[in-house]
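Working notes, beginning with the structure itself.
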Amino acid sequence: MFIDEAKIRVKAGDGGNGCMAFRREKFIPRGGPSGGDGGKGGDIWMESSERHNTLVHFRFNPEYKAERGRHGEGDKKTGRDGEGIVLKVPVGTIVYDEDTGEKVHDFSRADELMRKNAGTIEARDQASAVLKKANAAIERDQALERSAGRQIELAKANVRNAEEALKLAEIVLGYTTLVAPFDGVITVRQAELGEIMVPGTPVVTLADLDHIWLRAYINETDIGKIRLDQSAVVKTDTYPAKSYKGRVSFISSSAEFTPKSVETHAERVTLVYRIKIDIDNPTHELVPGMPADAVLDALPPGRS
């Protein structure tokens with residue numbers, strides 16, 4: 001039977017030296033110690049491998065020394081640990097101590113590390129199988145988590161789209177509700193219930209009977225005798241004994257021909273100016289379309 005032998009010398013790395021240093025701070029004498037410990041020296045391990053079938057590589061390099069630890073530094077900085085060395089041997093290798101002849105270890109299985117208090121082989125194999133199973137479960141859970149994350153983002157996007165669609169629907173729904181700009185009375189209804197209306201089509205005519213106004217005309221020769229906000233007295237044929245107070249709220253800036261529907265007490269003139277007189281009507285006695293006359297005091301020149 002062929003027996004392969006090799007003698008090697010191994011030495012673990014020395015630990016690094018500690019550092020003796022003192023911290024220097026203002027108002028603190030000597031500042032106290034601040035030196036760091038030295039790093040741990042590297043270890044040497046032996047591991048069996050089915051890829052190796054000879055010890056010939058130890059014959060050309062029989063000495064192995066692990067890296068020593070780095071020295072400590074100031075500011076309590078610990079030195080870096082030294083790098084360890086793993087020596088590969090064929091399965092079935094037996095290690096002896098040359099000085100005492102004592103058998104140190106028998107590598108009867110692959111991937112076995114000769115470590116102190118490493119546990120039994122059966123426990124190691126069982127832990128390895130459990131680890132592989134756990135890693136597979138973690139990968140599966142991570143994939144499910146990524147998929148769930150994408151589903152959540154998609155659901156959030158759908159929620160945002162639904163919210164925007166809801167806002168648009170609320171705006172469109174608001175268009176179907178008519179809102180009056182002021183409190184008033186409907187005088188004319190152009191559409192019936194259930195009738196479909198196109199945009200821009202009048203639906204109702206709303207009158208503010210509490211605050212009505214009179215359209216009147218001033219002769220061209222008298223336009224300079226009235227002012228905005230000037231008081232006026234309005235009378236109607238319906239209530240000849242009753243007067244209504246009003247004020248001038250508008251004076252046209254351009255003249256126009258006298259409308260045929262306007263009656264003047266003086267001779268008919270060619271050009272007139274349209275004015276607007278606001279009248280308070282709390283009892284709703286005055287109604288739209290009622291003919292009325294307005295009396296305004298002519299202001300002398302230079303007064304407003």
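Those strands (runs of 3 or more DSSP E) of the stretch 8-109 in which 1 or more residues are at pLDDT below 85 and not hydroxyl-bearing (Ser, Thr, Tyr) occupy 44-49, 85-90, 103-106. Within the set 183, 222, the sole residue that is assigned by TED's automatic domain parsing to the domain that holds residue 288 and more than 19 Å from residue 290 (Cβ to Cβ) turns out to be 222. Only a single criterion out of (1) more than 18 Å from residue 293 (Cβ to Cβ); (2) assigned to a loop (DSSP other than H, G, I, E, B); (3) of a type in the set (Gly, Ala, Ser) is not satisfied by residue 165, namely (2). Consider residue 224 carefully, then state whether it is modelled with pLDDT of 85 or more, in a helix (DSSP H, G or I) and surrounded by 11 or more Cβ atoms within 10 Å (Cβ to Cβ). Here the answer is yes, as residue 224 does meet what is asked. Looking only at the stretch 156-202, filter to residues that are at pLDDT 85 or above and touching a Pro at 6+ places or on another chain (Cβ under 9 Å); which one of those is nearest to residue 282 (Cα to Cα)? The extreme case among them is 188.
The values are calculated or read from the model by the stated rules, or taken from the named source; none is laboratory data. All of these numbers come straight from a predicted model, not from anything done at the bench. A quick note on method: Cβ atoms are made from the backbone with ideal geometry, for glycine too, and the neighbour counts reach across all protein chains shown.
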